[in-house]
1. Out of (1) open to solvent by 10 Å² or more (accessible area, probe 1.4 Å); (2) modelled with pLDDT of 90 or more; (3) small (G, A, S), the odd one out for S211 is which?
2. Filter segment 99-110 down to residues that are out of contact with any Pro (no Cβ under 6 Å at 6 or more places or on another chain) and more than 16 Å from V244 (Cα to Cα), then give me how many there are.
3. Here is a list: V98, V156. Which entry is out of contact with any Cys (no Cβ under 6 Å at 6 or more places or on another chain), open to solvent by 10 Å² or more (accessible area, probe 1.4 Å), closer than 25 Å to V192 by Cβ and not in a helix (DSSP H, G or I)?
4. Does segment 35-57 hold any residues that are part of a helix (DSSP H, G or I), touching a helix residue (DSSP H, G or I) at 6+ places or on another chain (Cβ under 6 Å) and modelled with pLDDT of 95 or more, and which are they?
5. What number goes with the only condition from (1) open to solvent by less than 50 Å² (accessible area, probe 1.4 Å); (2) under 22 Å from the mean Cα position of the chain (by Cα) that G71 does not pass?
6. Give segment 74-102 a look and list any residue that's free of Cβ contacts under 8 Å to residues at least 40 places away in the same chain and either farther than 26 Å from S19 by Cβ or more than 19 Å from the chain's Cα centre (by Cα) (or both), or say none.
7. Looking at (1) open to solvent by less than 40 Å² (accessible area, probe 1.4 Å); (2) in a loop (DSSP other than H, G, I, E, B), which one does S32 not meet, given that it meets all the others?
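The values are calculated or read from the model by the stated rules, or taken from the named source; none is laboratory data. Please read all numbers here as calculations on a predicted model, not as lab measurements. Backbone-built Cβ (ideal geometry, glycine too); neighbour counts: all protein chains shown. Surface areas here come from the heavy atoms of the whole protein model, side chains and all, with no ligands, DNA or RNA. Shrake-Rupley method; radii C 1.70, N 1.55, O 1.52, S 1.80 Å.
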Amino acid sequence: MSVPETLATMRDLGILLGSIKRNGTEPLSEFSELEAVLRLIAQRSGLIPRDTIHHYIRWNPMGRRERMYTGLPMERLLMAAVRISLPRLSDAVDLCAVLDSAEPGDLTFALATNELAALVGSMEDSIDTVLANVTPEFFAKTMRPFFEEIRVGDEVYLGPAAAHVPLSIVDLLVWACDRGGDEYLEFADDSVVYGLQHWKPLHGKWRRTKSLVTRVTDELQRCSAEEALPLAMYASAEALCRTVRSLMVFRGKHLTIAKKAYATDVGLYELGSGGGSVAMLEAITNSTRAISTLLRRSVTTHLKDVS
């Protein structure tokens, strides 16, 4: 089969795998011959031997041929929300690679950061779609069981969780590589295996670098208080402020949904479909809010000093 055909095969098998596990059976315990098939598809595609959010959303036709677990309107609206953000966040990862090679005071950095702010802003549109159209109870009780982990040989793989969109990779370079807690960094390390193959070396590199927030705040501190901030530097700092603010707003709204979906009287699971806890999400939200405040204060302080 061609690569698109192998991706389509994994997508369709994935719907069945998740449905079998949702009904209480480990799929490969019942159908052991599937392991060789899943591993062959993984080898051909460079992905894990299970379906991912990319199979479920990005490589899933819309309309009459759309593959779904339930066929219910709320599932379709959940999928629509991820369709808003997934391709844009994928573009954001590529843009982060550009930013990693540019200096904060360069025009290239300023232009790329403005574009990054627009791409990350799509997460707000995505979460607003969920808030307006999907109840936490529907996700917790109807959809969440389909995303349970399955065992393939000696490994376990989570289902096509929306938590595996490449937001953690973007977070990593923007702020988390040197300002994120150990729990979030470990989550990011675990999540990268569910992404596209060319993201993995970027993740490894960005785990050992300075974040964009650190680079910009360091540059602002180096700028002399007696001279005006270079236009490109000011544009970079302002765009990064908007980027982090969008991340903060998204995280806050996501936390609101998660608290309701995983409340003891509603949810069936302690951990989210991507393997993270509500406590971890709350810590990320608080960290992002603190960084947003720090970055804005750094820009404002410099402008006051100059004036």
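1. Here S211 clears every test but (1).
2. Qualifying residue count, segment 99-110: 7.
3. Unique residue meeting the criteria: V156.
4. Within segment 35-57, E35, I41, I53, H55, I57 qualify.
5. Every listed condition holds for G71 apart from (2).
6. Passing the criteria: R76, P87, R88, D91, D94, L95, V98, S101, A102.
7. With respect to (1) open to solvent by less than 40 Å² (accessible area, probe 1.4 Å); (2) in a loop (DSSP other than H, G, I, E, B), S32 is out only on (1).
Per-residue answers, yes or no, for (1) more than 15 Å from the chain's Cα centre (by Cα); (2) in contact (Cβ under 8 Å) with a residue 40 or more places away in the chain; (3) open to solvent by less than 10 Å² (accessible area, probe 1.4 Å):
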{"site": "R242", "(1), (2), (3)": "yes, yes, no"}
{"site": "L247", "(1), (2), (3)": "no, yes, yes"}
{"site": "I257", "(1), (2), (3)": "yes, yes, no"}
{"site": "A261", "(1), (2), (3)": "yes, yes, yes"}
{"site": "Y269", "(1), (2), (3)": "yes, yes, no"}
{"site": "G275", "(1), (2), (3)": "no, yes, no"}
